[in-house]
Amino acid sequence: MNKPDLKVEIGSLVMKNPVTVASGTFGYGPEYADYVDLDRLGAVTVKGICVEPHVGNSTPRTFETASGMLNAIGLPGPGAQGFIDKTIPFFENYEVPLIVNIWGRTVEDYGRVAEILGAQARIGALEVNVSCPNVKEGGALYGTNVDLFRTVVDEVRSKTAKPIIIKLAPNVADIKTFARAAEQCGADGLAVMNSYPAMAIDIETRRPQLANRTGGLSGPAIKPIAVKLVWEAAQAVSIPIIGMGGIYEPEDAVEFIIAGAAAVAVGTANFTDPSTAVRVIDGIERWMADHDVASIDELRGTVRA
Amino acid sequence: MNKPDLKVEIGSLVMKNPVTVASGTFGYGPEYADYVDLDRLGAVTVKGICVEPHVGNSTPRTFETASGMLNAIGLPGPGAQGFIDKTIPFFENYEVPLIVNIWGRTVEDYGRVAEILGAQARIGALEVNVSCPNVKEGGALYGTNVDLFRTVVDEVRSKTAKPIIIKLAPNVADIKTFARAAEQCGADGLAVMNSYPAMAIDIETRRPQLANRTGGLSGPAIKPIAVKLVWEAAQAVSIPIIGMGGIYEPEDAVEFIIAGAAAVAVGTANFTDPSTAVRVIDGIERWMADHDVASIDELRGTVRA
Amino acid sequence: MKQEKTTVVEHRLFHGDYRQLTLAAPAIGPLVKPGQFVHLKIPRLGEAVLRRPFSIFKADEQGLAILYKSVGKGTDSMRSLQPGEPVSLLGPLGNGFPALGGGKTLPVLVAGGYGNAALYLQAKTLPVKGVAFFGGRTAADILCIDEFEALGWDVRVATDDGSLGTRGLVTAALNPWLAQHKEQFQALELFACGPNAMLKAVGDIALANRLTAWLSMDRNMACGVGACLTCVIKRKTETGWEWARCCKDGPVFNAKEIVWEED
Amino acid sequence: MKQEKTTVVEHRLFHGDYRQLTLAAPAIGPLVKPGQFVHLKIPRLGEAVLRRPFSIFKADEQGLAILYKSVGKGTDSMRSLQPGEPVSLLGPLGNGFPALGGGKTLPVLVAGGYGNAALYLQAKTLPVKGVAFFGGRTAADILCIDEFEALGWDVRVATDDGSLGTRGLVTAALNPWLAQHKEQFQALELFACGPNAMLKAVGDIALANRLTAWLSMDRNMACGVGACLTCVIKRKTETGWEWARCCKDGPVFNAKEIVWEED
Ligand SMILES: Cc1cc2nc3c(=O)[nH]c(=O)nc-3n(C[C@H](O)[C@H](O)[C@H](O)COP(=O)(O)OP(=O)(O)OC[C@H]3O[C@@H](n4cnc5c(N)ncnc54)[C@H](O)[C@@H]3O)c2cc1C
Ligand SMILES: Cc1cc2nc3c(=O)[nH]c(=O)nc-3n(C[C@H](O)[C@H](O)[C@H](O)COP(=O)(O)OP(=O)(O)OC[C@H]3O[C@@H](n4cnc5c(N)ncnc54)[C@H](O)[C@@H]3O)c2cc1C
Ligand SMILES: Cc1cc2nc3c(=O)[nH]c(=O)nc-3n(C[C@H](O)[C@H](O)[C@H](O)COP(=O)(O)O)c2cc1C
Ligand SMILES: Cc1cc2nc3c(=O)[nH]c(=O)nc-3n(C[C@H](O)[C@H](O)[C@H](O)COP(=O)(O)O)c2cc1C
Ligand code: FES
Ligand code: FES
């Protein structure tokens, strides 16, 4: 058969294939440029940015666990203007769409960073992190209280015409409520899931393994949780979902798409093997060809459940 | 130093050491009796029982995942009377305390099974499963809606004087709310955590890997989630907590106790290595001796966080 | 049933895709009955929480041997097992095959895939040797012909591609033979192990002809000892059906007890 | 920096608890600068998502070698690596040691543990050979004395138990020597790698005496390439401090830049 069509659209954002990288696992872009041809990716999603520069948490910031890892980086970053000055120029040399993950301490913060970054032509979409388990302020709360959640999405929506992708918190009893709320508030897409609130303790020192005490669990360990959340969210909304959580192989990505995701993000796997994202893209294309699947739409949400 | 004291009490239930087995991973007791000296255990916790016999889900019922597994057994069982007839006599030959995990489709169900089993002298405590991810009726709902949750705990409490241990659902935004509610309703202890709602899909058939579509994730993969939930719950209540989730080594058990658990349960590890529970008991004792810890109370909740 | 830390004695290619793994298992070996299996913890597969079940091919005072084929991550990583390496086993597990029934004088074995291994001890133990029907895709899939003939069995083979014996499914060899032995049906008793479709076919034939057939079933397992209720199979009761555990109540079931599921 | 699928050429006990792993790495080998490291994916450790960083001991056109010690599950399972096995590497990573500063004529190396390996290429590359101070718990911990002497370095050893050289920390050997060479301080430049406490001591001495000291720091790493911000170290700025990434901006830092944390 002829080449399958891997194109995916999230609002006005056009990805030539459904694979991006998970925010925070790929830096700001340049860090992996030696290892990955960025223009092969459907999009590059960069580390979370807020209005002002932020220092993040003390160390240790990550800890390895069974088939996964904990992270509590705490969203350090150069702030909106710093990002524009340091990173946008780098991307002028590439064609790959740029998704910027944003967060705020207050609802106003979310609006301001969305407004500032939304005005940047080079940025293709904003991914709104309402579910960072690792910052004291706001962070997780916005992701688990549906009223606060709506205020954030409304505020961001009102401040930019760029596609906005809302990154949902996994630690809720019913993710459908949040998925629907985001759609109703005008979100162009959803990202599922963020790392899961977790903890590890050094039994000798009796101190948490992370300076922040708790952190987010990511990697293959959480994949079955992520697949279920994507499957549930996809039944609740019609806007596209970027599925993520432990994707290491093309088959993992296909599983997320069959569950209902329109696109996927490779996160922790970048640390294990920087070539994962490109390997996943090639593997999805091969799998689709082998299975006579002409387009992602034809595959998306086809789980017989 | 002299032998550390491993004794733990949950209401009137006295465990000579803090290690039990997780409900559903150890059958009704006899299945592992060839491999494990049951009287070495702090307690034996058996598979979930409801009032009437129940057939459970179709197959496949389990699926292996990265450092974990999914299960959707669906709580098949002989019913309260069947359990009394078939299993109680077996335990007359042992001294080990018996914890029976109970569940119901309705609030009344919970009350009735508590009443029937609570009247059994051989039973040391009832573990109330308000968080089974795998039964259509009630199940999870009672565990994630705090009002329904209270009605169940109240009902069970009103029907038996036996110690009741409430097994909390992990998929909530704030486990403290449920921990406090259980304590206020007169629970003698908590069990944290149940397996986490999850899913896996066979990409060739596009069918879920479990007949029930979704199931509960257990094993080392979820340990960091469980440790965090135990740590949070322990800060909210003073009643003892049985911590579980991926315990394979004595050090895992010590980590849960330092996080705030009074006792621990070995679950999925029984499948990997039936000798785990006994190995964990011996290891905890050795660790306490090596670290001059005289009692579990002295260790419990000592995390410097 | 015991948990034993065994040691790899020998690990070699056996035939076709199958490898033979021989383990020093002085505790488990002597207890083995035909048709039982062991639950094996695969070393160096840290991310796998579950053991893997394997039929016992041969067993003696010193230990036991299994035949296995790589079909996934566990059996793939088993291929790197080296002599001297420790391997944790649970076993012997399951009910195993029954002895030859009263008045039965002509045992018939039907096997495919690892079923040939699962039936070997039964073939060896049965007081009279009868006819053994082996099926497979192609010649390379047919295991243990020599071993069974050496025990005095009349081995009949069928392969899908006709590369050995009759062309077609094992039933293509079994049915004509049965047709010729109608008068001996009273004396016949079938013992079968192999792919699900083969077992169902044998079961149907047995029922249709009122023959006694013992089928060793294959279900995904977690605990392997009857505790988790993963491996259940529908078994007929007076009133309807009940769940039976393949690992504990089986893996061998009387064909007339089994309620076959669709797919 | 490259990702390369390398092959184990040799794997042997080196000295004391340390093993030497030699890898065929034609892509990475030729690019190596002294003080850089590789990020190694440990084979057959399926449950580990993170690579492990190791300083490059030796490197050439064909590949490179590392020295490692078992301290946990990753380095434990590295011990089973066999010649011919594939090993995925990222490298060469980090900034590495600078060349000898202008006007500096007396390089001084201070090393402990794997630091001896991390400093070897620097010792080889420096245009003039000076004095190398090695510290460790006991004689068995002191690596590469012969290698450094063969390069023309004056090696001074200190061990906590006095089993080799001066009894005490490496500073017990370094301090008196410095006291005798005050007049040459202008010409001195220090390069150090080893346990954190040793690096801090060397850093303090350098600051107190206005000496230039380059310290190769060890921080837990995830990505190893500057992307995840796991390995950050506080670095002085005019206004206060900023986070510097040990994997990318380091691992080698000028002692006067480092803000030492408590504990
Ligand atoms: C009673 C019994 C006896 C068996 N005897 C043999 C034998 O002698 N030789 C042989 O080669 N195989 C035998 N099998 C099948 C063997 O257990 C599977 O091939 C093996 O578990 C596959 O594991 P994997 O990790 O390679 O495959 P994966 O598909 O990666 O395994 C993933 C999960 O599925 C389970 N699984 C996959 N296929 C099967 C299967 N067919 N049966 C049961 N569980 C499965 C695994 O145990 C594991 O939990 C037997 C199975 C049973 C139930
Ligand atoms: C720049 C650099 C160079 C190094 N060079 C060498 C070398 O040449 N030889 C050598 O033996 N060791 C070296 N180390 C230390 C080595 O990386 C650790 O010993 C190793 O990661 C331990 O892994 P593990 O799985 O055995 O230990 P575990 O404690 O089981 O590892 C668990 C986690 O902690 C991390 N970790 C544990 N200890 C360290 C440590 N000291 N530094 C960084 N991460 C750690 C691991 O990477 C892993 O993510 C170096 C470290 C760094 C940062
Ligand atoms: C080190 C690290 C840093 C992360 N930083 C962010 C972040 O800044 N913003 C965000 O929304 N998610 C962040 N995440 C979450 C990931 O984007 C992703 O949602 C999660 O890791 C699950 O995917 P994975 O299992 O493939 O890693 C981070 C994850 C890791 C491991
Ligand atoms: C096969 C299986 C069956 C289970 N059945 C029950 C059950 O009947 N009732 C219950 O409360 N929990 C049940 N659980 C959950 C466990 O008791 C435990 O809470 C969970 O598995 C986490 O512990 P682990 O990671 O050590 O397995 C079951 C778990 C498994 C794996
Ligand atoms: S595998 Fe657990 S009951 Fe059969
Ligand atoms: S390890 Fe990721 S930035 Fe250094």
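The values are calculated or read from the model by the stated rules, or taken from the named source; none is laboratory data. If you're wondering where the values come from, they're calculated on a predicted model, not measured in any experiment. Glycine gets a Cβ as well: all are built from the backbone with ideal geometry, and neighbour counts include every protein chain shown.
Check B:Ile242, B:Ile201, B:Ile166 and return the single one that is within 14 Å of chain A (Cβ to nearest Cβ) and either more than 18 Å from the chain's Cα centre (by Cα) or farther than 30 Å from A:Arg286 by Cβ (or both).
Exactly one residue qualifies, and that residue is B:Ile201.
Could you name every one of the strands (runs of 3 or more DSSP E) located completely within the stretch A:1-40 that has at least 1 residues being within 16 Å of ligand 3 (Cβ to nearest atom) and of a type outside the set (A, V, I, L, M, F, W, C)?
Hits in the stretch A:1-40: A:19-21.
Yes or no: B:Ser23 within 16 Å of ligand 2 (Cβ to nearest atom), crowded, with 18+ Cβ neighbours inside 10 Å and either more than 17 Å from the chain's Cα centre (by Cα) or more than 8 Å from chain C (Cβ to nearest Cβ) (or both)?
no
Within the stretch C:55-93, work out how many residues are aromatic (Phe, Trp, Tyr) and free of Cβ contacts under 8 Å to residues at least 60 places away in the same chain.
Number of matching residues: 1.
Show the residue pairs meeting these rules: Cβ distance below 7 Å; 6+ apart or different chains; first residue within the stretch A:230-250 and closer than 16 Å to B:Pro197 by Cα; second residue away from ligand 3 (no atom under 14 Å from the Cβ) and assigned to a strand (DSSP E or B).
Going by the 7 Å Cβ cut-off, the qualifying pairs are A:Trp231/B:Met199.
How many residues are assigned to a loop (DSSP other than H, G, I, E, B), away from chain A (no Cβ under 11 Å) and either surrounded by fewer than 17 Cβ atoms within 10 Å (Cβ to Cβ) or out of contact with any helix residue (DSSP H, G or I) (no Cβ under 8 Å at 6 or more places or on another chain) (or both) when one looks only at the stretch B:274-305?
3
Within the stretch A:177-192, is even one residue over 14 Å from the mean Cα position of the chain (by Cα), in contact (Cβ under 8 Å) with a residue 24 or more places away in the chain and within 14 Å of chain B (Cβ to nearest Cβ)?
Yes.
Tally the residues that are within 18 Å of D:Asn196 (Cα to Cα), out of contact with any helix residue (DSSP H, G or I) (no Cβ under 7 Å at 6 or more places or on another chain) and hydroxyl-bearing (Ser, Thr, Tyr), restricting the search to the stretch D:67-120.
Result for the stretch D:67-120: 1.
Given the residues D:Leu126, D:Leu67, D:Leu90, D:Leu121, which is the only one that is within 16 Å of the chain's Cα centre (by Cα), at pLDDT 95 or above and more than 24 Å from D:Asn254 (Cβ to Cβ)?
D:Leu67
Condition first: more than 16 Å from ligand 1 (Cβ to nearest atom), within 25 Å of A:Asp34 (Cβ to Cβ) and crowded, with 23+ Cβ neighbours inside 10 Å. Can you find one or more residues in the stretch D:252-263 that meet it?
yes
Test of understanding: among D:Asn220, D:Asn196, which residue is touching a residue at least 12 places away in the same chain (Cβ under 8 Å) and among the polar types (S, T, N, Q)?
D:Asn196
Among the numbered criteria (1) within 10 Å of chain C (Cβ to nearest Cβ); (2) out of contact with any helix residue (DSSP H, G or I) (no Cβ under 7 Å at 6 or more places or on another chain); (3) more than 30 Å from C:Glu261 (Cβ to Cβ); (4) of a type in the set (S, T, N, Q), which single criterion is violated by B:Thr106?
(1)
Within 26 Å of D:Ala255 (Cα to Cα) and touching a residue at least 24 places away in the same chain (Cβ under 8 Å): is that true of D:Gly135 in this structure?
So D:Gly135 passes the test.
Of everything in the stretch C:148-166, what is part of a strand (DSSP E or B) and closer than 27 Å to C:Pro127 by Cβ? Give them in sequence order.
C:Asp154, C:Val155, C:Arg156, C:Val157, C:Ala158
At least 1 residues that are away from chain C (no Cβ under 14 Å) and over 15 Å from D:Cys247 (Cα atoms) in each: list the strands (runs of 3 or more DSSP E) lying fully within the stretch D:28-103 that qualify.
Because the criterion is at least 1 residues that are away from chain C (no Cβ under 14 Å) and over 15 Å from D:Cys247 (Cα atoms), the strands (runs of 3 or more DSSP E) in the stretch D:28-103 that meet it are D:63-69, D:86-93.
Taking the options A:Ala221, A:Ala182, A:Ala198, name whichever one is outside any loop (DSSP other than H, G, I, E, B), more than 16 Å from ligand 5 (Cβ to nearest atom) and within 26 Å of A:Leu126 (Cβ to Cβ).
Sole residue among the options that is outside any loop (DSSP other than H, G, I, E, B), more than 16 Å from ligand 5 (Cβ to nearest atom) and within 26 Å of A:Leu126 (Cβ to Cβ): A:Ala182.
Take the conditions at positive phi and either out of contact with any Cys (no Cβ under 7 Å at 6 or more places or on another chain) or not β-branched (Val, Ile, Thr) (or both) and apply them to D:Gly224. Does it pass?
Yes.
Restricted to the stretch D:204-263, and to residues that are of a type in the set (Ser, Thr, Tyr) and over 30 Å from D:Ala187 (Cβ atoms), which residue is nearest to the other protein chains (Cβ to nearest Cβ)?
Out of the qualifying residues, it is D:Thr230.
Would you mind finding the one in C:Ala222, C:Ala213 that is within 20 Å of C:Ala179 (Cα to Cα), modelled with pLDDT of 95 or more and surrounded by 17 or more Cβ atoms within 10 Å (Cβ to Cβ)?
Going through C:Ala222, C:Ala213 in turn, the sole match is C:Ala213.
Based on what the data block shows, is C:Ala179 farther than 19 Å from C:Pro98 by Cβ and of a type in the set (A, V, I, L, M)?
Yes, satisfied.
Can you find even one residue in the stretch A:144-156 that is closer than 23 Å to A:Ala33 by Cβ, in a helix (DSSP H, G or I) and more than 14 Å from chain B (Cβ to nearest Cβ)?
no
What tally of residues in the stretch B:101-121 results from selecting those that are at pLDDT 95 or above and β-branched (Val, Ile, Thr)?
Going through the stretch B:101-121 one residue at a time, the tally reaches 3.
Being within 16 Å of ligand 2 (Cβ to nearest atom) and more than 14 Å from B:Asn101 (Cβ to Cβ), is that true of even one residue in the stretch B:61-79?
Yes, there is a match, as at least one residue in the stretch B:61-79 is within 16 Å of ligand 2 (Cβ to nearest atom) and more than 14 Å from B:Asn101 (Cβ to Cβ).
Here's the yes/no breakdown for (1) among the β-branched types (Val, Ile, Thr); (2) at pLDDT below 95:
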| position | (1), (2) |
| --- | --- |
| B:Asp39 | no, no |
| B:Val44 | yes, no |
| B:Val55 | yes, yes |
| B:Lys86 | no, yes |
| B:Ile99 | yes, no |
| B:Ile123 | yes, no |
| B:Glu127 | no, no |
| B:Ala140 | no, yes |
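Mind listing just one residue for me: the one in the stretch B:67-79 that is more than 18 Å from the chain's Cα centre (by Cα) and over 30 Å from A:Gly246 (Cα atoms) and, of those, nearest to the other protein chains (Cβ to nearest Cβ)?
The extreme case among them is B:Pro78.
Answer yes or no as to whether A:Phe256 is over 19 Å from A:Leu38 (Cβ atoms), outside any loop (DSSP other than H, G, I, E, B) and either of a type outside the set (Val, Ile, Thr) or free of Cβ contacts under 8 Å to residues at least 12 places away in the same chain (or both).
Here the answer is yes, as A:Phe256 does meet what is asked.
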